[in-house]
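Some notes on the structure that comes next.
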Amino acid sequence: MRVAITGGTGFVGRHLAERLDPADTVIVSRRTGVAIDGVEALAEAFAGCDVVAHCAGINRELGDQTFDRVHVAGTRAVVEAARRAGVQRIVLLSFLRARPDCGSPYHESKWAAEELVRNSGLPHTVLKSGMIYGPGDHMVDHVTRAVRTWPVFATVGFRERTVRPVPVDDAVDVLLAAIEGRIPEPTVAVMGAEELPLGTAVRRIARVAGRRPLYLPVPVAAIRALAWVAERTMVVPLVARAQARMLAEGVSAPAPWAPEPPENIRPAHPFSAERIRAALPAGRFTRADFRRPRGRTTRDAGRARSLRVTGPSSPARG
Ligand SMILES: NC(=O)c1ccc[n+]([C@@H]2O[C@H](COP(=O)([O-])OP(=O)(O)OC[C@H]3O[C@@H](n4cnc5c(N)ncnc54)[C@H](OP(=O)(O)O)[C@@H]3O)[C@@H](O)[C@H]2O)c1
């Protein structure tokens, strides 16, 4: 089976690519020369593919890379290109709480992408996933580097919200099941086996990283302000506004409700010290993580991300 992975150079996409035969895998991303808004180029890349795993996305807007352009126009182009290339199935990696009319452009645009796939007329699986962690991730990476850099860690709000972190290997198991058509429901919720308060998750990561920062609970509005500043000053923000919203409402239940995948496919592993250790990044935040005052381009952001991901870079076509 030949599979195209949009976002195949990103955190989840790379882990998925590692589990597939490189000779039958096509990696689509700006770094491999195909942006997801050009139908022609996408159709060419998808030629001969049986399945498209659509894992490309952003968690903050930068220049012309808006949520609307990447998630909505991008998914429309992916669907159209898949149709033209005769692709048999689309698998979309969406977010657990992606939904309409909730006031968050990230959530709303991911929902719009879900609807485009659901209404595509093509066989499909939409995976509404909670936070995924593992080597090269955003979650363990950011918390670890923050506690290594600063003695104080701001925690969100005064009411504990919960998360169900999904180990990336478990997430890839679900993606592979969807690619192979082993998930009967068109939309499923992917959640980790362990539900824990956000503060407990952060403390667990800090403990594995060997740090004991002072935890400072701050109102959600302060985290939102921090995210606003981080988006403007950091190459990859410590926390983006979309993530502030996720943290404020918790990431442990699908919205709207969706069934879980069949039991033998569901994520089964807890948020263990062993798995956290495997995801620990090297180092702390340095000046290189901050943008130059005149602002960088999306290319710089891509370059910074590519420095974080592990393993050899994938070819555009295996
Ligand atoms: N990580 C999680 O916990 C999680 C949970 C639920 C859902 N998701 C969703 O899953 C998707 C992937 O997440 P991730 O953590 O793997 O993100 P990531 O590490 O930031 O990777 C994003 C990927 O998308 C590609 N991309 C971004 N804009 C593009 C464009 N205009 N054209 C073509 N490719 C583009 C990037 O490659 P280039 O920069 O080279 O273009 C990269 O390969 C996102 O849509 C995210 O919303 C993630």
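Shape summary: segment 3-307 maps onto an equivalent ellipsoid whose semi-axes, from the alpha-carbon gyration tensor, are 30, 22, 18 Å in decreasing order. Taking amide H as placed 1.01 Å from N in the peptide plane, the amide H of Thr162 sits under 5 Å from that of Leu198, Val251, each at least 5 places away or on another chain. If a/c stays under 1.5 just call it rounded; otherwise compare a/b with b/c (prolate if a/b is bigger, oblate if not). Do that for segment 139-291, with a ≥ b ≥ c from the square roots of the Cα gyration tensor eigenvalues. Judged from the Cα gyration tensor, segment 139-291 comes out prolate (a/c at least 1.5, a/b above b/c).
Principal axis extents of the C-alpha atoms in segment 18-115 (largest first, rounded to whole Å): 42, 27, 26. Compared with the direct C-alpha span, the chain from Thr149 to Ala282 gains 46.7 nm at full extension, assuming 0.36 nm per residue.
Build a GNM of the chain with springs between Cα atoms under 10 Å apart, and of Phe95, Phe67, Phe158 the one that fluctuates most is Phe158. To the nearest Å, what is the center-to-center distance of segment 118-156 and segment 44-112, using C-alpha atoms only? One Cα centre to the other: 17 Å.
Where both bridge residues fall in the chain, DSSP classifies roughly 15% of the beta bridges as antiparallel. Distant-in-sequence amide contacts of Leu92, defined by a placed amide H-H separation under 5 Å and a gap of 5 or more residues or a different chain, comprise His54, Thr125, Val126, Leu127. Note on the chain: GNM, Cα springs under 10 Å; of Ala45, Ala240, Ala221, the largest mean-square fluctuation is that of Ala221. With distances taken between every two different alpha-carbon atoms, segment 66-216 has a Kirkwood hydrodynamic radius of 17.2 Å. Applying both filters, DSSP loop and at most 13 other Cβ atoms within 10 Å, to the chymotrypsin sites (Phe, Trp or Tyr not before Pro) of segment 212-281 gives Trp257.
By the helix-only formula, in which each DSSP H run with n ≥ 4 contributes -39500 (n - 2.57) and the sum is divided by residues, the chain has a 222 nm mean residue ellipticity of -11000 deg cm²/dmol.
When you filter the trypsin sites (Lys or Arg not before Pro) in segment 4-55 for DSSP loop state and at most 16 other Cβ atoms inside 10 Å of their Cβ, you are left with Arg19.
Read-outs: derived from the displayed coordinates by stated rules, not from any lab. Keep in mind that this is a model prediction, so the values were computed, not measured. FYI the Cβ positions are ideal-geometry reconstructions off the backbone, even for glycines, and counts take in every protein chain you see.
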